[in-house]
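Only one structure is covered here, and it is reproduced in the block below.
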Amino acid sequence: MDEQESAARAARPGPDRPPGPDRPPRSDRPPRSDRHNRHSLKVLAVLAVCAVITGGTGLTAMLVRSTRHTGVRSVAASCVAPEAAPALGSAAVGSRRLDGLGFNLLESGTFGSVVPGPRSTLYALQACGTEETELRVLHLSANGDVLAVSSSFERAALLTSSLAIDDGSLYLGAARLDLSGSPADAPYALTLYRLSAPGLEVLGSRSLGRGFGLSLLASDQGHAGSTVVASTGHMLLAVRSGTLTVTTLAGFGQSIAQHVSADTDAPYAAVSVFEPGSSRVSPGATVELIDTATGRVVSLARLAGALQVDSLAFGAGVLFAAVSDGMSTEVKRFGVPALVSPGWATGRTTGIPATLETMSLDGVAGVVWATDQTALVCLDASTGRVLSSATSSSSSAAVSGVVASGSGTYAVTSSGIGVLDVPAACGDGAA
């Protein structure tokens with residue numbers, strides 16, 4: 001399908017464009033009793049899907065209500081307007097705090113994927129609607145001004161959808177829970193959208209079938225060979241710049257690609273792959289380094305025992321991995337491109353001690369930020385040495401990610417997006 005046809009199809013109702021404010025829901029619904037029975041079956045199926053996913057893949061299944069069961073159709077009515085000031089009071093003041101680090105909340109809300117834009121701006125994926133039943137994209141300036149807001153993407157799940165920008169094109173990967181078909185099918189219907197970077201209008205869309213989520217990342221940014229890669233759990237795809245044309249870089253057979261990270265300085269993507277099994281002790285994961293231009297597997301590291309990967313992030317010629325044995329998590333580092341010598345991989349240690357919580361990693365220009373529910377730590381990207389750390393309290397906002405744009409470093413928290421006052425020791429992260 002060419003791009004003009006994609007844009008034309010996106011302009012009329014269809015599977016990828018549910019009814020909006022100007023198109024009321026269809027009235028030819030089945031009787032209420034039938035809908036109730038179907039809903040009950042879907043709830044049971046959702047629980048089964050969640051048990052499989054949380055028990056084996058580590059991908060979070062976000063439960064969203066079907067559009068058949070919600071009357072919410074207006075983004076403005078269901079999501080705090082970007083221009084609206086947050087309510088004052090002790091709860092609002094507390095939500096702006098990050099213990100040990102300065103933090104200035106710019107935009108309140110529930111955010112997932114956030115990527116840097118031109119001139120120190122940010123593109124952010126925000127959850128709206130009753131029980132977060134729709135997503136929208138915000139374009140934010142460095143001081144928090146809202147430059148553009150997209151239309152809504154109904155039924156898209158926040159934690160399994162994502163954004164990526166490459167050569168002036170903004171891509172949205174939307175994952176919608178779909179329990180139709182065989183129980184063995186992946187639980188999400190995936191759609192790739194291309195948006196205009198200035199105004200966030202949808203320029204076209206393309207279905208990518210089913211998967212466990214749609215993770216979009218840009219590798220080798222700023223170079224002629226830069227590529228947007230898309231991981232569906234089943235496959236790793238490459239998106240041709242400025243189009244919706246995709247090619248398959250790698251397939252994983254019966255295994256599942258659980259986590260993915262792209263090197264912004266080289267044409268590499270790292271993928272953690274595991275084999276789902278019925279045994280209580282699953283085999284350890286492997287980490288594959290893939291050339292995003294050719295799809296060639298450059299190197300592979302097989303983790304010992306039943307170790308699994310919680311998160312991946314590239315640093316300065318180093319790949320960092322948060323590795324869990326089911327009881328505790330450690331952050332390890334592997335050389336690039338040779339991840340490990342033949343044999344079982346253990347990785348080199350970092351300055352972060354083992355923690356009982358799941359850790360998330362973000363590589364930000366010279367440092368790697370590691371976050372969990374109680375800590376925010378920056379590591380030297382080449383050595384893994386701890387440069388600075390802060391521990392949160394019950395009154396501070398939990399950090400879910402860190403991103404840099406231009407000269408600013410921003411934290412995504414449970415309260416919203418804000419400017420992070422980076423410690424001097426981690427100053428390279430704001431470069």
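What to note about this one:
- Estimated FRET transfer efficiency (SER180, SER382; beta-carbon r; R0 56 Å; 0.05): 0.70
- Built amide H within the under 5 Å cut-off of ALA375, gap 5+: SER392
- Shape analysis of segment 184-237 based on the Cα gyration tensor places the equivalent ellipsoid semi-axes at 23, 17, 7 Å, largest first.
- Computed E for ALA398/ALA224 - FRET, C-beta separation, R0 56 angstrom, nearest 0.05: 0.90
- Computed from backbone phi, the HN-Hα couplings of segment 107-124 come to 9, 7, x, 9, 10, x, 5, 9, 10, x, x, x, 6, 6, 8, 10, 10, 9 Hz, rounded to whole numbers (Karplus: 6.51 cos²θ - 1.76 cosθ + 1.60, θ = phi - 60°; Gly and Pro given as x).
- Amide H contacts of ALA250 (H built 1.01 Å from N, under 5 Å, at least 5 apart or other chain): LEU236
- Listed values for segment 359-368 are Karplus-derived 3J(HN,Hα) couplings in whole Hz (6.51 cos²θ - 1.76 cosθ + 1.60, θ = phi - 60°), namely 10, 10, 10, 9, x, 9, 6, x, 9, 10, and x replaces Gly and Pro.
- Residues SER241 and ALA365, FRET efficiency given R0 of 30 Å [Cβ-Cβ distance, rounded to 0.05]: 0.85
- Kirkwood Rh in Å, taken over segment 290-431 so that all alpha-carbon pairs contribute: 15.7
Computed from the coordinates by the stated procedures, all read-outs in this text should not be read as laboratory data. As the structure is a prediction and not an experimental result, all values here were calculated from the model. Cβ: placed from backbone, ideal geometry, glycine included. Neighbour counts: every protein chain shown.
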